[in-house]
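Below: one structure, written as structure tokens.
The values are calculated or read from the model by the stated rules, or taken from the named source; none is laboratory data. As the structure is a prediction and not an experimental result, all values here were calculated from the model. All Cβ positions, even for glycine, are placed from backbone atoms using ideal geometry, and neighbour counts span all protein chains on display. Just the protein is used for accessible areas: all its heavy atoms, side chains included, with ligands, DNA and RNA removed. Shrake-Rupley method; radii C 1.70, N 1.55, O 1.52, S 1.80 Å.
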Amino acid sequence: MIKKYDISGEDFSLAGEASSNFKSVLKRLGISTEIVRRVSIAMYEAEINTIIHGGGGECEAEIKSNAISVTFRDNGPGIANLELAMQEGYSTASEKIRELGFGAGMGLPNIKKYTDDMLIDTAPGKGTTLTLIINL
Amino acid sequence: MKVSELIKTLNLTVATEPNFEDRDVTGCYIGDLLSWVMGKAQSGDAWITIMNNINIVAVASLTDSACIILCEGVSADEAVINKANSEGIIILKSGETAYSLACQLSGEI
Ligand SMILES: Nc1ncnc2c1ncn2[C@@H]1O[C@H](COP(=O)(O)OP(=O)(O)OP(=O)(O)O)[C@@H](O)[C@H]1O
Ligand SMILES: [Mg+2]
């Protein structure tokens, strides 16, 4: 089963829609609460990054027999130094974004913590594609 | 303790729908940086914060927090309250500091 979501880069009040929607899909399917929690937290972090850093994009979430795989794609600026971006506390978020409570530099580390695998394809000027995988 | 008992113990005001589902509060987490809270708050926690924008609803929902406690007299605007009501998130309010609230909870949960 595949679900697709558009992630608007403008409307902050819609931030988290994809994660919330997919969360209820997983719940309805009777997936365990622990897995649902891990998927939705990781998805939310990726969704917020797609909005605030990537300027919006798309999300494709797939439930396979042995894993849940979610891909976020944006055509934003890309990440120049991925190793640095993965470090806890590293953030390039603007002052305006920080006032909303984002920019702790914990998003990517959280995604890593809550998933079994995390793949990032990114380069400056090329945009960012992030896939998170949680085994069932 | 239940959310209703938490409200009495800490003398909180209910900002969202008063007929909420009275669930168990099994812990407490204090923080304002959303992705920090995302990574650390546990299911069933009462989340104490001064952050009051719309994104707190998603954070509370995704971490499965028992409720949000806005401290230090912070309040949430109507859009936040409406969103919380539609997602079944309880928002409570207090004029006290996070420290003071946590001290009163000590040994109670
Ligand atoms: N989709 C993206 N496009 C461009 N840059 C990104 C993207 N995702 C992450 N980054 C870069 O990686 C950094 C670290 O991301 P991370 O999610 O860990 O922290 P943050 O988003 O800055 O803050 P937080 O997630 O704690 O609110 C970001 O500040 C940004 O520079
Ligand atoms: Mg982030």
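Pairing chain A with chain B buries about 1700 Å² of accessible area. This figure sums both sides and uses a 1.4 Å probe. Think of it as helices only: each DSSP H run of n ≥ 4 in chain B is worth -39500 (n - 2.57), and spread over all residues that comes to -10500 deg cm²/dmol at 222 nm. Residues in the stretch B:21-30 carry Karplus couplings, in order, of 6, 7, 8, 6, 9, 10, x, 8, 9, 10 Hz; the curve used is 6.51 cos²θ - 1.76 cosθ + 1.60 with θ = phi - 60°, and Gly or Pro positions show x. Taking all protein chains as they are arranged and a probe of 1.4 Å, the heavy atoms of residue A:38 leave approximately 50 Å² accessible to solvent. Where the centroid of each part is defined by its Cα atoms, how far is the stretch A:104-134 from the stretch A:57-97 in Å? If you average the Cα positions of each part, the centres end up 4 Å apart.
Placing dummy labels 7 Å off each Cα toward the beta-carbon, the span from residue A:117 to residue A:86 is 1.5 nm. In the context of the full set of protein chains, the protein assembly as shown has a per residue accessible area of 46 Å² (1.4 Å probe).
Ignoring ligands, DNA and RNA, please state the percent of accessible area on the protein assembly as shown from carbon and sulfur, probe 1.4 Å. Its accessible area is 47 percent carbon and sulfur atoms. Scaled to the globular estimate 2.2 N^0.38 Å, the Cα spread of the stretch A:37-101, given as radius of gyration, is 1.24.
Computed with every protein chain present, the accessible area of residue A:34 is close to 100 Å² [probe 1.4 Å].
Residue A:34 sits among other residues whose Cβ lies under 15 Å from its own Cβ, and their net charge, with Lys and Arg +1 and Asp and Glu -1, is +3.
Here the protein assembly as shown yields Rg over Rh of 0.97, to two decimals, using C-alpha coordinates and the Kirkwood radius. How about the stretch B:30-60: which of its residues lose at least 20 Å² of accessible area in the presence of all protein chains relative to their chain isolated, using a 1.4 Å probe? Listed in order, they are B:33, B:34, B:35, B:36, B:38, B:39, B:51, B:53, B:54, B:55, B:58. What number comes out for the charge environment of residue A:102, summing +1 per Lys or Arg and -1 per Asp or Glu over other residues with Cβ under 13 Å away? Summing Lys/Arg as +1 and Asp/Glu as -1 gives -3.
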